[in-house]
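Each remark here refers to the structure printed beneath this line.
The values are calculated or read from the model by the stated rules, or taken from the named source; none is laboratory data. Predicted model only: the values in this text are computed from it and were never measured. Neighbour counts are summed over all protein chains in view; Cβ atoms, including those assigned to glycine, are modelled from backbone coordinates with ideal geometry. Calculation scope for accessible area: heavy atoms of the full protein, side chains included, ligands and nucleic acids excluded. Shrake-Rupley method; radii C 1.70, N 1.55, O 1.52, S 1.80 Å.
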Amino acid sequence: MGHEETVYDALDHAHGGEGQWAFGTGFDDPLAGVDTTVPEGIDPADLGAYCLMLGDDALVLCQRLTQWVTNAPELEEEVALANCGLDLLGQARLLLARAGSVGVLGRSRTLATDPVPDEDALAYFRDPDEFRSSWLVAAPNGDFGQTVVRLLAASAWRLALFARLRESRDPVLAAIAAKGVPELTYHRDHAARWVLRLGDGTAESHRRAQAGVDTVWPLLADLFTATDVEARLAATGVAVDPAQLRDEVRGVLTLVLERATLTVPAWPAEQPSRGRAGEPGPELTALLADLQGLARAHPDAVW
Amino acid sequence: MSTDLTAEGGHGAVPTGPEVPVEPKASTARRDWPLYEVFVRGKRGLNHVHVGSLHAPDDEMAVHAARDLYTRRNEGVSIWVVRSADITASSPDEKDPMFAPNGDKVYRHPTFYEIPENVPHM
């Protein structure tokens, strides 16, 4: 044979032939070479609070997506949803680590034992009212139709945001956003494909997709009103005012739903975000009990 | 095999750009999801190489599933999928008539020449 027997052999060969390609290879550190000092004139407390909002969104949606593992309709789709979740977990880790590095840790640092890194302390040792995730990501999965509608809405919003955050004055936020854009593009694309197929599929798949739309739509109300933190950071070029995302998000969702022959509900009456204000809701509280239970029961556990 | 044979091979890599896909494709019910064979071209590899198979409702979703199942660890830069039913294969029963005659044709191998040192890949 003049060329490699398999792509895996080729991969192994390309990375020193250590036979460890299964553990990942050729990965880049998205923060390599990035200046991590907080830019002048930026309140670290605001920056950390903003990172918590975006990090918590990713962490909570990741947890929702991974709830499909062992339950998805097909093995292939199970892996797809888990992959999206893992992308989001990667974003959450970077954002929570950034929050920790600028000193926004709250009580979590005193609850977590010493060797626990900041990102884990924030993920596992904050109480529900210290989370800043939106209600869109905390809502239960529902059926598969509702899950892909929510994934479409959440990834459309986050992609619109991250595309703009690539220009953030905070180099770390900009680097995290640059890493996230291709990931979120894929999530949105994947979810849109399913919404199209379910909406324009069988009578039953259409009914379920429409029910998913009707359930998810009211949750959009919370996403487009800036908190005080977002408003201050947007004014200094660090954050993006979520109101700027409305037209793009609404346009994408409307386009996909119409092509999927689904009825686009009336735009919900916008209101300040309850999740960002620290109002967790019972669904997030239950989710966090699941997510945090092991770490809190065995704080020194390693694996 | 009594499958209708088509000769529409040579699919290129299917791009998944940043645009939101808006053209739904006719899908089949889940119980009918066909089997696809997946070929991946590695970063250094010259050719697309068969890596496995999967079930998907249609061609586009098969590419997506292949991305998620077979290129999670940077294995590839290009994916082909083809319905397994569209592959025409040689039959194991024909192994001897197909391949045995090549075994003793030593003159088909360029082993009687001195290969110059600067000729690679021979």
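Computed quantities for the displayed model
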| read-out | value |
| --- | --- |
| Filtered residue count, the range B:47-57, keeping only those that are more than 13 Å from A:L75 (Cα to Cα) and surrounded by 18 or more Cβ atoms within 10 Å (Cβ to Cβ) | 3 |
| Selection from the range A:124-148 of residues that are part of a helix (DSSP H, G or I) and open to solvent by less than 10 Å² (accessible area, probe 1.4 Å) | A:L136, A:V137, A:A138, A:G145, A:T147, A:V148 |
| Residues that are part of a helix (DSSP H, G or I), open to solvent by 10 Å² or more (accessible area, probe 1.4 Å) and farther than 16 Å from A:R150 by Cα, drawn from the range A:54-77 | A:L75, A:E76 |
| Which listed residue is in contact with a Pro (Cβ under 6 Å, 6 or more places away or on another chain) and surrounded by fewer than 18 Cβ atoms within 10 Å (Cβ to Cβ), from A:P268, A:P272 | A:P268 |
| Total residues in the range B:55-74, condition part of a helix (DSSP H, G or I), more than 7 Å from chain A (Cβ to nearest Cβ) and over 14 Å from A:A82 (Cβ atoms) | 5 |
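Rundown of residues vs (1) within 24 Å of A:W135 (Cα to Cα); (2) under 11 Å from the mean Cα position of the chain (by Cα); (3) within 13 Å of another protein chain (Cβ to nearest Cβ); (4) open to solvent by 10 Å² or more (accessible area, probe 1.4 Å), yes/no style:
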| site | (1), (2), (3), (4) |
| --- | --- |
| A:L152 | yes, no, yes, no |
| A:S155 | yes, yes, yes, no |
| A:R164 | yes, no, no, yes |
| A:P171 | no, no, no, yes |
| A:A175 | no, no, no, yes |
| A:K179 | no, no, no, yes |
| A:T185 | yes, no, yes, yes |
| A:H190 | yes, no, yes, no |
| A:L196 | no, no, yes, no |
